[in-house]
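Student: Questions regarding the structure given below will be posed in turn.
The values are calculated or read from the model by the stated rules, or taken from the named source; none is laboratory data. Predicted, not measured: the structure shown is a model, and the values here were computed from it. Here the Cβ positions follow ideal geometry from the backbone for every residue, glycine too, while neighbour counts run over all protein chains shown.
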């Protein structure tokens with residue numbers, strides 16, 4: 001039994017050996033950089049000054065290292081440490097699994113969309129809007145990645161960090177909704193070309209193809225206009241438009257908060273301060289107007 | 001092998017012909033663009049007779065003695081600029097009024113900055129507008145003046161007339177939204193989904209470029225593409241190019257919209273439709289449309305995509321006036337003021353309607369006014385005098 005050594009004990013031995021070699025190396029280096037006794041041309045002031053303080057700090061650091069590494073070398077400490085480390089891959093795997101599932105969902109949407117390529121397009125209908133792909137991406141961001149930026153911040157500068165993370169998060173959300181919105185706006189263009197092709201094919205069958213290039217443009221622009229008019233009246237468009245504007249406002253507010261943090265250390269008034277002043281002036285002017293009317 | 005129905009050779013030869021024409025047009029077009037172009041807008045001379053903060057009052061005096069006893073105050077919207085009423089020679093509503101002998105005052109709202117974001121309906125209507133009306137009444141020694149509102153300026157004029165009926169002799173509303181509960185215009189549909197609080201919190205005022213983008217998105221195929229294709233097709237025509245650029249200048253010369261006005265307009269008007277129900281409150285007082293008892297002329301465009309007829313036509317039924325009239329012209333929101341077709345009927349109709357009700361007029365105008373006569377030679381704008389307002 002005594003011959004059987006657990007892996008952790010092996011790790012402990014390895015750690016102890018590495019610790020010993022590191023301590024020896026840094027001890028030698030310290031002696032090399034700061035040989036015992038003052039240098040011949042070193043003044044008393046220098047010995048008491050920067051040089052002396054650096055040497056003292058380095059020696060203190062080495063002693064601390066020896067103490068900490070010694071404590072870690074104890075088998076029970078090492079076991080606790082490696083146990084924690086062993087849990088890390090599980091955490092990482094869990095994170096990866098969640099993100100991978102979302103990625104698969106996006107890929108599935110892409111495949112579904114690709115499968116619809118070449119299908120007949122009904123003119124002036126938007127009953128099956130493909131922007132779901134981008135909506136899925138936005139949702140994935142909101143549900144997965146955004147959470148990392150919302151991890152509570154700690155310490156003295158936590159509020160600044162929080163505002164910065166919030167700005168980054170708001171920017172990402174705005175970009176996601178903007179992509180959704182732009183993809184929606186691009187849809188009528190693609191659809192109008194497909195409808196135009198079908199219309200031209202019909203005319204060709206009848207032998208009524210227009211001779212002038214302008215006639216094709218007129219046909220296309222009419223179809224395009226009709227598609228936009230139809231799209232603009234859908235609930236999806238109204239929702240996406242509204243979400244894009246809201247996310248833009250949210251991002252700009254968050255960005256302004258970060259800028260105000262930066263300005264607070266400079267002799268420049270912030271927008272909140274000037275707004276407060278404007279509001280006060282507005283209030284006073286209204287009072288003045290009321291008094292003037294009352295007097296007149 | 002079946003014979004194709006597509007006359008490929010004919011199409012190809014037409015394409016070659018079109019390409020040659022395009023080359024010639026591009027060459028001539030570049031000559032036009034490089035030449036001196038007159039693209040000035042708002043060329044009719046005026047004086048600034050009053051100023052309060054950023055708001056100015058323009059005064060346009062007709063040639064010779066005015067033929068109306070009562071002057072007309074025109075209140076434009078806070079969106080875009082009042083220069084649209086005097087866009088170009090031959091298409092100027094202001095000039096047509098002057099040609100009929102009507103003295104015209106017009107409010108220039110200016111360019112709101114961040115400090116104006118707290119100015120709401122009350123500040124604009126019972127503040128600036130009321131001060132302007134009082135200034136004109138005092139200047140002409142008259143108890144009442146004529147009031148004409150345009151788009152949002154019309155909404156302001158309706159509210160003003162309801163709250164100060166004793167100061168308005170006749171009211172003219174043009175493309176004025178008063179009923180917002182309609183699905184006919186995209187703007188009405190979209191505004192229900194907007195969160196004005198968030199926009200105002202972020203921007204202070206609603207930025208003009210955001211509004212302009214919104215307007216372009218109402219019809220991107222025509223406004224962002226076809227319009228410029230049309231420009232390329234006519235770029236060898238100097239007159240066309242000049243007029244096109246004038247319109248471009250006007251469209252994109254847009255002030256920001258004060259945040260508090262935007263918020264109230266969206267929440268109380270577009271989202272709750274309070275005005276037409278006489279439930280709107282401005283400055284702590286109700287806006288009771290039944291208090292509008294002066295004659296009312298309500299003009300709107302049949303093809304207006306921003307303020308459709310459904311948004312305008314309920315006003316005459318809601319006011320207390322006995323003398324009221326709706327006129328629906330076969331035109332759009334901007335065309336009503338600038339199209340050559342409506343120039344002959346829109347402004348002359350208003351001038352005639354006012355003349356019939358200008359009981360103290362000095363001289364009767366002709367019963368059936370003719371289209372605007374030829375413009376007099378261009379005069380230089382008179383020097384701007386020091387504003388007389390007592391405001392800060």
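Student: Consider residue B:170 against the criteria (1) part of a helix (DSSP H, G or I); (2) over 14 Å from residue A:241 (Cα atoms): it satisfies all of them except one. Which criterion is unmet?
Tutor: Among (1) part of a helix (DSSP H, G or I); (2) over 14 Å from residue A:241 (Cα atoms), the lone unmet condition for residue B:170 is (1).
Student: Which residue, of B:284, B:332, is touching a strand residue (DSSP E or B) at 6+ places or on another chain (Cβ under 9 Å) and surrounded by fewer than 20 Cβ atoms within 10 Å (Cβ to Cβ)?
Tutor: B:332
Student: Tell me the strands (runs of 3 or more DSSP E) entirely within segment B:1-118 that contain at least 1 residues that are over 24 Å from the mean Cα position of the chain (by Cα) and farther than 30 Å from residue A:273 by Cα.
Tutor: Qualifying strands (runs of 3 or more DSSP E): none found.
Student: Given the conditions (1) surrounded by fewer than 20 Cβ atoms within 10 Å (Cβ to Cβ); (2) under 25 Å from residue B:316 (Cβ atoms); (3) touching a strand residue (DSSP E or B) at 6+ places or on another chain (Cβ under 7 Å), which single one is not true for residue B:161?
Tutor: (1) is the only condition that residue B:161 fails.
Student: Given segment B:181-231, what helices (runs of 4 or more DSSP H) lie entirely inside it while holding 3 or more residues that are without any contact (Cβ under 8 Å) to a residue 40 or more places away in the chain and facing chain A (nearest Cβ under 9 Å)?
Tutor: B:196-203
Student: Then there's this: Which of (1) loosely packed, with under 14 Cβ neighbours inside 10 Å; (2) in contact with a helix residue (DSSP H, G or I) (Cβ under 7 Å, 6 or more places away or on another chain); (3) at the interface with chain B (Cβ under 8 Å from one of its Cβ atoms) is the odd one out, the single condition residue A:272 does not satisfy?
Tutor: Answer for residue A:272: the failing condition is (3).
Student: Follow-up question, since we're still on this one. So, in segment B:119-164, how many residues would count as being touching a residue at least 60 places away in the same chain (Cβ under 8 Å), in a helix (DSSP H, G or I) and out of contact with any helix residue (DSSP H, G or I) (no Cβ under 9 Å at 6 or more places or on another chain)?
Tutor: Selection size over segment B:119-164: 6.
Student: With respect to residue A:205, determine if the residue is out of contact with any strand residue (DSSP E or B) (no Cβ under 9 Å at 6 or more places or on another chain), over 20 Å from residue B:187 (Cα atoms) and more than 8 Å from every other protein chain (Cβ to nearest Cβ).
Tutor: Judged against the criteria, residue A:205 is not a match.
Student: Do you know which of the residues in segment B:335-347 that are without any contact (Cβ under 8 Å) to a residue 40 or more places away in the chain and more than 15 Å from the chain's Cα centre (by Cα) is surrounded by the most Cβ atoms within 10 Å (Cβ to Cβ)?
Tutor: B:345
Student: Which residue, of B:90, B:64, B:120, B:101, is at pLDDT 95 or above and at positive phi?
Tutor: B:101
Student: Which residues, taken from segment A:241-265, are touching a residue at least 40 places away in the same chain (Cβ under 8 Å) and more than 10 Å from chain B (Cβ to nearest Cβ)?
Tutor: A:244, A:257, A:258, A:261
Student: Next up: Which number in (1) touching a strand residue (DSSP E or B) at 6+ places or on another chain (Cβ under 6 Å); (2) surrounded by fewer than 20 Cβ atoms within 10 Å (Cβ to Cβ) marks the one condition that residue B:43 misses?
Tutor: Of (1) touching a strand residue (DSSP E or B) at 6+ places or on another chain (Cβ under 6 Å); (2) surrounded by fewer than 20 Cβ atoms within 10 Å (Cβ to Cβ), only one is false for residue B:43: (1).
Student: Return the total of residues in segment B:232-252 being in contact with a helix residue (DSSP H, G or I) (Cβ under 7 Å, 6 or more places away or on another chain) and more than 14 Å from chain A (Cβ to nearest Cβ).
Tutor: Number satisfying all stated conditions: 7.
Student: Consider residue B:258 against the criteria (1) touching a helix residue (DSSP H, G or I) at 6+ places or on another chain (Cβ under 7 Å); (2) over 20 Å from residue B:76 (Cα atoms): it satisfies all of them except one. Which criterion is unmet?
Tutor: It is condition (2) that residue B:258 fails.
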